[in-house]
Amino acid sequence: MAVQQRIVLGVSGGIAAYKAASLLRLLKEAGHHVDVVPTANALRFVGRPTWEALSGRPVTEDVFDAVDTVNHVRLGQEADLVVVAPATADLLAKAAAGIADSLLANTLLASRAPVVMAPAMHTEMWEHPATRANVATLRARGVTVIEPASGRLTGRDSGPGRLPEPQELFDAVQALLNGPGTTPAPGGPAPDATGARPLEGRTVVVSTGGTREPLDPVRYLGNRSSGKQGIAVARAALAAGAAVRLVAAHLEAPVPEGVELSHGRTAVELREAVRAACEGADVLVMAAAVADFRPAEYAAAKIKKKDDGGAPVIELVRNPDILAGLVADRAAGASGLPGLIVGFAAETGDAEGSVLDHARAKLLRKGCELLAVNEVGEELAFGQDVNTVTVLAADGSAPRRLEGTKDQVGEGLVAVIAERLNR
Ligand code: CTP
């Protein structure tokens, strides 16, 4: 079912502007209402008549045209989505800084709709620290910045910087318009954005929260996990019609109504609780932050300070890897385990590889079908209500990027799960 949406197609001044004309055609063919907002430089590459003929709408780059309609804020306010293709280094910099020196830049500032930007530029410009920082700022604000394709650029050079093909851009726009993850679920469970219940009749197990490994009756080794992302997944699965079994370690967020709740405070307890919950389930989502180590010994009485001023040395032992263990048991033929197992990982890039390099290695190590990778690090500000998760698939399907609040990421992940179960 085609749903007409109001889209602003921003075009900034790069030679790839000609590809935006094909994107415009695809958007129009899909039945959308599209206002094209080029920059003055974009019009040097592709002229106004092309945009007006293809969109069927008047086109201007000038803030002082159509002033009676307060055009410079109206377009952004009314849009369901803004897509900028191509986005030049200059446009990215202006958007990151909040500069409003063109109709397109004003539209971006005035809009609260999802924004997709498709950068296109020479490799040196794309890789310049200024551009990297601008892209990171935009992503941290929730803008979907599509990675440019690699290949032949305009001069003799080649490398990353090409505008992806129009069909790919169109797919990204459609995914954001239709896909869960763009419509925040207000309050409790409700059918997903399309009103469908794609997990009806399915059972989903979600483990979440942080484990606590006791040292003595008053102390433990723990972690900062709040459990909120897993709870968001559980809520989205309920909304999609699933029966949800929530296996909780330590939580700092309320348990949604309607789940079947069990507990596992330590890694060993959690393993048993997850195994029991998995019986006959279709999917396991391992969102729990499981301690990799626990104190080798539990002191039955509180460990006291010594008179000699010394401090105890605490020996740690490895905890079981719940996720890898379940995958191994399933491979060994254990019955009743879910066919779809989803791991979570929080990764940073380092000298040895990017976030995705580390994540791919983890996906192989764990052996699960999907790995939801949370990019953490200085560039993506902590404490903001936006999360960026890339879902990697062991079968080599294209990675899926989910951005937004934890609820939106939860909905996006459930949509990916439903797609796999139902195909
Ligand atoms: N996990 C698990 N059991 C453990 C540790 C982790 O089941 N003992 C699961 C988590 O729930 C998550 C996934 O494995 O779904 C990845 O967790 P992470 O802490 O990133 O993995 P580790 O194996 O601990 O990797 P690292 O050495 O990078 O910390």
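The values are calculated or read from the model by the stated rules, or taken from the named source; none is laboratory data. Please read all numbers here as calculations on a predicted model, not as lab measurements. Here Cβ is always computed from backbone atoms with ideal geometry, including for glycine, and neighbour counts include all displayed protein chains. Surface accessibility is based on the protein's heavy atoms, side chains included, excluding ligands, DNA and RNA. Shrake-Rupley method; radii C 1.70, N 1.55, O 1.52, S 1.80 Å.
When region 294-315 is limited to residues that are surrounded by fewer than 14 Cβ atoms within 10 Å (Cβ to Cβ) and closer than 26 Å to T208 by Cα, the one that is nearest to the ligand (Cβ to nearest atom) turns out to be A296. Between G353, G339, the distinction of being at pLDDT below 95 and assigned by TED's automatic domain parsing to the domain that holds E297 belongs to G353 only. The condition of being of a type outside the set (S, T, N, Q), open to solvent by 60 Å² or more (accessible area, probe 1.4 Å) and closer than 17 Å to R401 by Cβ does not hold for R156.
Within region 267-287, being within 11 Å of the ligand (Cβ to nearest atom) and free of Cβ contacts under 8 Å to residues at least 60 places away in the same chain holds for A267, V268, R271. Of all the listed residues (A328, A334, A345, A324), the sole one being without any contact (Cβ under 8 Å) to a residue 12 or more places away in the chain and at negative phi is A334.
Within the option set L421, L413, being within 16 Å of the ligand (Cβ to nearest atom) and part of a helix (DSSP H, G or I) holds for one residue only, L413.
Output the residues belonging to region 195-226 that are under 23 Å from the mean Cα position of the chain (by Cα), free of Cβ contacts under 8 Å to residues at least 40 places away in the same chain and buried (at least 16 other Cβ atoms within 10 Å of the Cβ). Result: S226, single match.
For region 111-146, the candidate set comprises residues that are β-branched (V, I, T) and outside any loop (DSSP other than H, G, I, E, B); within that set, the residue that is surrounded by the most Cβ atoms within 10 Å (Cβ to Cβ) is V115.
Residues in region 335-377 that are open to solvent by 40 Å² or more (accessible area, probe 1.4 Å), within 21 Å of A277 (Cβ to Cβ) and either more than 7 Å from the ligand (Cβ to nearest atom) or of a type in the set (S, T, N, Q) (or both): S335, G339, E369.
Condition check ((1) open to solvent by less than 10 Å² (accessible area, probe 1.4 Å); (2) in contact with a Pro (Cβ under 9 Å, 6 or more places away or on another chain)) across all residues:
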residue	(1), (2)
A17	yes, yes
A21	no, yes
R25	no, yes
H33	no, no
N41	no, no
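Within the option set A277, A281, being part of a helix (DSSP H, G or I) and among the small types (G, A, S) holds for one residue only, A277. I need the full set of residues from region 96-110 which are open to solvent by 10 Å² or more (accessible area, probe 1.4 Å) and touching a strand residue (DSSP E or B) at 6+ places or on another chain (Cβ under 7 Å), in order please. Of everything in region 96-110, just one residue is open to solvent by 10 Å² or more (accessible area, probe 1.4 Å) and touching a strand residue (DSSP E or B) at 6+ places or on another chain (Cβ under 7 Å), namely L108.
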